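Here's the structure, in C-alpha cells; my notes come after.
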Amino acid sequence: MKRVYIAGKVSGEEYEKCVAKFTDAADRLKSSGMIPVNPMNFVPKDMDWKGAMKLCIRSLVTCDYMLLLDDWKESKGAKLERSLAVVLGIPIINIH
C-alpha cells in the first residue's frame with residue numbers, strides 16, 4: 001500500500017478544526033486503500049513551528065505521494081512541504 005503525506009494549514013487555526021480536516025482526509029485515503037501519514041498524529045500540539053517542520057519533513061520524505069488540503073496555499077509550512085515534494089519527485093494527488 002502507498003503512503004500518502006497530508007499537508008495543509010495548521011498554524012493560526014483552531015486545533016480541533018485542524019484535527020477534523022486532517023482526520024477526514026486520512027479517512028478518505030484509507031478508504032482508497034492508501035496509508036495516510038497525518039501530521040496531526042505525530043506533531044505535539046504545543047511544538048514550535050521549526051520543530052514541527054523537522055518532524056513533518058522527516059515523514060514526508062518516506063512517502064510515495066502527497067495530498068494537499070484545500071487551504072495549503074495559506075500555509076508557509078505546506079508550501080515548503082509541497083516545494084520539497086516537487087523537487088524530490090513525490091507526486092501530488094487530490095481526492096474528493
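Using θ = phi - 60° in the Karplus curve 6.51 cos²θ - 1.76 cosθ + 1.60, the 3J(HN,Hα) couplings for region 2-9 round to 8, 8, 10, 7, 9, 10, x, 6 Hz; x is entered for Gly and Pro. The Asp64 and Val19 beta-carbon pair, evaluated with R₀ = 30 Å, returns a calculated FRET efficiency of approximately 0.80. Taking a ≥ b ≥ c as the square roots of the eigenvalues of the Cα gyration tensor, region 1-73 is oblate, since a/c reaches 1.5 or more and a/b is not larger than b/c. Here the sum of -39500 (n - 2.57) over DSSP H runs of 4 or more residues, divided by the residues of the chain, equals -14000 deg cm²/dmol at 222 nm, to the nearest 500. Taking every full run of DSSP H in the chain, the ones that stretch at least 15 Å from end to end by Cα along their long axis and average -0.5 or higher on the Kyte-Doolittle scale are 49-60, 76-88.
Where does the charge balance sit around Ser59 when Lys and Arg score +1, Asp and Glu -1, over other residues with C-beta under 15 Å from its C-beta? Before the final figure, lay out each step's value.
Working: positive: Lys2, Arg3, Lys54, Arg58, Arg82; negative: Asp64, Glu81.
Residues near Ser59 contribute +3 overall.
Amide H contacts of Ile35 (H built 1.01 Å from N, in plane; Pro and chain starts excluded): Lys2, Arg3, Val4 sit under 5 Å, all sequence-distant by 5 or more or on other chains.
Rule-based calculations on the coordinates, nothing more; no lab input. Keep in mind it's a predicted model, so treat the numbers as computed, not measured. FYI the Cβ positions are ideal-geometry reconstructions off the backbone, even for glycines, and counts take in every protein chain you see.
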